[in-house]
1. From 241, 300, grab the single residue that is outside any loop (DSSP other than H, G, I, E, B), modelled with pLDDT of 95 or more and either surrounded by fewer than 16 Cβ atoms within 10 Å (Cβ to Cβ) or in contact with a helix residue (DSSP H, G or I) (Cβ under 6 Å, 6 or more places away or on another chain) (or both).
2. Would you tally the residues in the stretch 51-91 being in contact (Cβ under 8 Å) with a residue 60 or more places away in the chain, closer than 21 Å to residue 110 by Cα and in a helix (DSSP H, G or I)?
3. Of all residues in the stretch 288-326, which are touching a residue at least 40 places away in the same chain (Cβ under 8 Å) and within 24 Å of the chain's Cα centre (by Cα)?
4. Quick one: in the stretch 325-338, which of the residues that are in a helix (DSSP H, G or I) and touching a helix residue (DSSP H, G or I) at 6+ places or on another chain (Cβ under 7 Å) is nearest to residue 168 (Cα to Cα)?
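The values are calculated or read from the model by the stated rules, or taken from the named source; none is laboratory data. Given the structure is predicted, the values throughout are model-derived calculations rather than measurements. All Cβ positions, even for glycine, are placed from backbone atoms using ideal geometry, and neighbour counts span all protein chains on display.
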């Protein structure tokens, strides 16, 4: 079941916080005040028993099943959203037959802090809980016909050659430049780059007899995306520049990660995303005291920390500099935008769709056409008509 709740100090918002049954709560400004309130709330939450036939009871059964049959990360995903749902406004005590669509809408509307993708992910968890697990057992009482999963909006940002040059200019370490260069050259998924180990790299010969390098991930090591059907490995073909980077960073330790950060630690999703968040601050355009400048120029000119360019820190920025700050243009780079860029460049270079799809780890062209290829701009369509 859920991991034990613990108090922790929120450095940005202040005070001591804890998460109980999927709900984050503030318990006080100091630990002495927060601890008794936290213990009383936790005791009350643990003392509540699920009503027979209630949503909470079914969620407990569902989570027990998922804990036994899924990976820890997948179980954590279901646990977080389902427990948040049953803890909201007494929903957990409702009989399963009384659950309606407006309960879901009220729950989603209450979480304004969630980003764009979170509500879609949350509904995905509920659909799995209601339609696939509960309805099969309790079919007559559960009405889920109106609960449909919204579609993800396509990411419209892809990193071009010019964008990549700007990223390299503002990168703060060679380690970050190396992994960015590798993603730009191969178009691999971000986790395929930061999980790359020495044992995955193999020598290969192309159809023309020319030697090169590839990365081969066994099917068992790719739990997130299963490439090209059951049992097939994921193969990443290196360009000459990607091979040069990997050869420079390789070691004799077969289990060692090839890409590490400036401190020598393997990259993680959060650490890579953190670097891109800082890049966005440096490259976005701001109006500071009536002048337009990039975040990097603002930090250099006013000698303030980069983190003061986060919107929540603007009051502190204005206090230190005496200048009003406003965002003019937000840069939205992210690691996955490298993959979008490489697929688009291959398509524009004339590569066939099926080859492009297989090169990037897809079994057919559906996903590529729907989400990745950005060749439908006005300029692209006009060029296609004139070809």
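1. So the residue among 241, 300 that is outside any loop (DSSP other than H, G, I, E, B), modelled with pLDDT of 95 or more and either surrounded by fewer than 16 Cβ atoms within 10 Å (Cβ to Cβ) or in contact with a helix residue (DSSP H, G or I) (Cβ under 6 Å, 6 or more places away or on another chain) (or both) is 241.
2. 7
3. 312
4. 338
Matching residues to (1) modelled with pLDDT of 60 or more; (2) farther than 23 Å from residue 18 by Cα; (3) not assigned by TED's automatic domain parsing to the domain that holds residue 16:
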residue	(1), (2), (3)
41	yes, no, no
48	no, no, no
54	yes, yes, no
87	yes, no, no
110	yes, no, no
